[in-house]
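The values are calculated or read from the model by the stated rules, or taken from the named source; none is laboratory data. Only a predicted model underlies this, so the values are computations on that prediction, with no experimental measurement involved. Note: ideal-geometry Cβ built from the backbone for every residue, glycine included; neighbour counts use all protein chains shown. In case anyone asks, the SASA skips ligands and DNA or RNA and just uses the protein heavy atoms, side chains included. Shrake-Rupley method; radii C 1.70, N 1.55, O 1.52, S 1.80 Å.
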Amino acid sequence: EVSECAQDVPVTPTPIHNATTIPAINTTAITNTMVPASNATVQTTTHPPNTTNTTATTSMVPISNATTINPSNTTINPSNTTAVPTTTIMTTPKPPTPPPKPPQGHYKVKNAKGQVCLLADMGLQFKVNYTKTGKKKGTAVFNLPKTANCIGSCGTDHSNLTLMFYGDTFSVSFEFIKTVKGNGVGHFHVSSLEISYTEVPSLFPGTTSPNARRRVSKTSPNMFSADVDKSYKCNANVTTVVTKDVAIISSQMQLQPFGIKSGKFASPEECSEDSSGDKSVPVIIGVVIAAVVVLVFVAYIVINKRKQGSNYRTLN
């Protein structure tokens, strides 16, 4: 029986499936030579004649500093691939929801002696038209906060009140004038109204002029007027058009720029919007009374004719 040495036993390399080929990038090729281990154990089995099945087991000695790459099913593309640029999608901010009814604020101005010389209670809402991107039209609606800063001055015939809000980037100013009528009775009114605002994106979404400062004004000979010994009062919503693009809606308003006593309002003089509402009830009562009178008159005529007819029948 003849035993063969390990070097005479043929070694057939077995292909590895799912192998991944990695292209070399700026590297120096290294040749690794696989050397059969000298201490490999070879098992040889001799079969009877006409049988050539031989099983051999060969152990490979690991080479130092070798790197083992696990096989995977991922194919790595060459390094000359083109990266796809990413696009950032900008979301359009939602327009603010319509604000609720403006709250009533209480404001006062004191003179140099610390005495209250002007009183103002009111709720104000502003409506401003502006231009949006794409030449579209938008309308900003915002209220005067109750916490608005109040400044002003008082005089014999002229007084003023300025309310600033939103970091003093918004303001509304009233100029009051006192005049004397032909009968000698004093009379006051707001001679001018001025509004300053900034087109902040939070209130003017999509504006073409972000953070632009605007100022509009209006003069009138009879705006918020009352006798000088009274206060002007109007609970109804009153819209004052300042310009074609700016309007102010006042409600629960009471003003007195002159003749303040003990820091309180004088007796109110109601606006026409409130007084017209109060006249509706008397009008209805008058209509009902007139209808009753007409019915009574018609009934009287009918009864009178019946009496005359009965008298004719009695004579006949």
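A few notes on this one:
- The stretch 223-273 - Rg over Rh from alpha carbon coordinates, Kirkwood radius: 1.04
- To put it simply, the accessible area of the stretch 156-292 at a 1.4 Å probe is 54 percent carbon and sulfur.
- When the Cα positions of 193, 140, 239 are compared along the charge dipole of the stretch 132-239, 140 comes out farthest toward the positive end, with charges on each C-beta of Lys, Arg, Asp and Glu.
- Report note on the peptides 285-296, 256-267: ranked by the mean count of other C-beta atoms within 10 Å, highest first, their order is 256-267, 285-296.
- With a threshold of 30 Å on the Cα-Cα distance, the over-threshold entries among 113/230; 137/218; 132/218; 146/244; 135/233; 127/261 are 135/233; 127/261.
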